[in-house]
Amino acid sequence: MTAADITTPQSFGPYEVEYLLGRGAMGAVYASRDRRIGRRVALKTIQLPPGQFEDATAMNEYFLRLQREAELSGSLLHPNIVTLYEVGYENGRISYLAMELVETETLQQLMKRLRPEAVPVDVALAITAGVLRGLALAHQRSIVHRDIKPANILIAADGVAKIADFGIARPQSSSITKAGSLIGTPNYMSPEQIVGAGVTERADVFSTGAMLYEMLTGVKPFAANDIAAILHNVLRLEPPHVSDVNPRVPRHAGDFVARLMAKSAEARPSAAEALASLNGPRVSSPAPSPAPAAVTPVRTPALSSTVPTRLFVATIALLLTVTIFAIVVIRARTDPTPTVTIPAERLSEFEEKRLALEEADVLLNSGRFEESLVRYESYLEKYPHSTAAEAGRDRALAEIERNTAPPSAQPARAVAKKKPKSKKDEDISPREMLDRIRKVFRP
């Protein structure tokens with residue numbers, strides 16, 4: 001079935017297909033409706049193209065993973081884990097998985113939409129809290145996800161973060177995956193996954209830390225040009241402290257990220273420990289509300305008959321106030337749902353910043369270095385901590401200085417193309433030239 005086929009009514013078992021959500025090498029995911037009860041689901045269908053597997057062993061391994069995903073997802077009922085409703089079989093093998101439909105975006109899409117800016121600190125910490133809650137349950141059941149990454153975290157309309165795709169997860173006692181095999185996504189894999197050592201639940205904690213690092217800084221902690229270099233960075237590189245990359249992140253929050261990404265699994269907290277630390281006053285953004293002051297009874301002499309009535313009414317009002325306050329506090333402390341909402345004005349600001357940087361980038365890439373420099377500097381005057389603007393400004397400066405250097409300092413090919421400069425221009429230093437450019441192009 002192709003994307004065009006989705007225009008005609010089709011179904012899988014009792015599920016009527018509505019529209020295509022996404023497509024991969026092994027099948028497609030559709031928004032569908034269960035005709036029996038009217039519930040809408042995300043239907044993960046298996047559609048294998050011819051010649052997809054080298055042999056029967058590889059194909060059997062794939063269907064074993066699907067079966068494992070169904071078994072593990074079905075055993076994990078939690079607000080921060082995508083719910084599996086039903087499994088369909090054909091010829092003894094899984095043909096589809098009917099799962100909870102989360103119709104918003106993945107964390108990967110959210111970060112891409114906000115770039116070049118980082119995810120706001122409070123939003124990033126709330127998303128991480130949701131992921132840690134879901135992992136705490138999975139780890140309690142001795143289930144390791146092994147592929148925690150932004151593409152596998154869904155952000156629901158109400159802001160709840162949900163873990164998806166337990167396709168390569170396994171119980172710690174499982175022997176389906178061979179020892180020493182490399183399974184996961186390189187940018188978020190733990191060191192022990194790379195070297196093929198025993199993988200425990202602390203591997204998921206490392207991946208969560210790498211994901212939080214990217215949310216708070218806008219860059220992957222171990223990014224490189226090829227997979228080999230990425231794996232080397234995961235094993236050897238200590239990425240810069242989050243607060244050094246993004247000064248808006250509190251130092252103690254950056255320390256928390258560093259603990260999650262400790263190279264040694266034993267040095268990392270468990271998911272439950274990390275969640276408790278994240279909810280503590282040193283990491284979470286909002287300060288705890290002060291407890292209501294104790295009411296000390298005061299003995300007063302007998303007054304007129306109206307005073308007891310007023311005192312009674314005042315006492316009842318006070319008791320109601322304290323009771324309502326207590327209910328709010330208890331609900332705030334016990335409600336496991338993290339709220340992740342971004343106000344419309346913040347989204348508008350993000351879009352304005354994105355467009356401003358894109359305009360500067362277009363000028364830079366088209367060779368209009370002086371104009372791009374002015375745009376970057378204007379941007380940095382408003383947002384002095386933007387690493388993207390700093391990188392663009394530095395590149396523009398380098399290009400301007402290179403093009404204003406004496407001919408003898410430039411490559412022969414460049415000298416041949418450039419027009420000879422007058423003596424007057426050659427005597428001007430690069431910095432003086434930049435000052436002139438700023439005066440001309442500054443808006």
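At-a-glance table
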{"read-out": "Assigned charges on the beta-carbon of Lys, Arg, Asp, Glu; the range 77-126 dipole about Cα centre (debye)", "value": "220 debye"}
{"read-out": "Residues listed by number, the range 80-119, amide nitrogen under 20 Å from residue 391 label point at 7 Å toward C-beta", "value": "108-119"}
{"read-out": "Extension gain from residue 381 to residue 248, taking 0.36 nm per residue of separation minus the Cα-Cα distance", "value": "46.3 nm"}
{"read-out": "Pairwise FRET efficiency - residue 365 versus residue 39, Cβ, R0 = 45 Å, nearest 0.05", "value": "0.40"}
{"read-out": "Mean Cβ neighbour count within 10 Å, used as a protection proxy, ranking 69-76, 30-37, 377-384 highest first", "value": "69-76, 30-37, 377-384"}
{"read-out": "Of 263/353; 149/382; 44/149; 220/353, pairs whose Cα-Cα distance is over 27 Å", "value": "263/353; 149/382"}
{"read-out": "Sites residue 16 and residue 358, calculated FRET efficiency, Cβ-Cβ separation with R0 35 Å, nearest 0.05", "value": "0.25"}
{"read-out": "Approximate spin-label separation residue 55-residue 263, in nm, with each point projected 7 Å along Cα-to-Cβ", "value": "3.8 nm"}
{"read-out": "Backbone N under 18 Å from the residue 26 label point (7 Å along Cα→Cβ), restricted to the range 62-81", "value": "62-75"}
{"read-out": "Accessible surface, 1.4 Å probe, highest first, among residues 149, 353", "value": "149, 353"}
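The values are calculated or read from the model by the stated rules, or taken from the named source; none is laboratory data. Everything numeric here is computed off the predicted structure, so don't read it as measured data. Here Cβ is always computed from backbone atoms with ideal geometry, including for glycine, and neighbour counts include all displayed protein chains. Quick note on the areas: whole protein, heavy atoms, side chains included, nothing else; ligands and nucleic acids left out. Shrake-Rupley method; radii C 1.70, N 1.55, O 1.52, S 1.80 Å.
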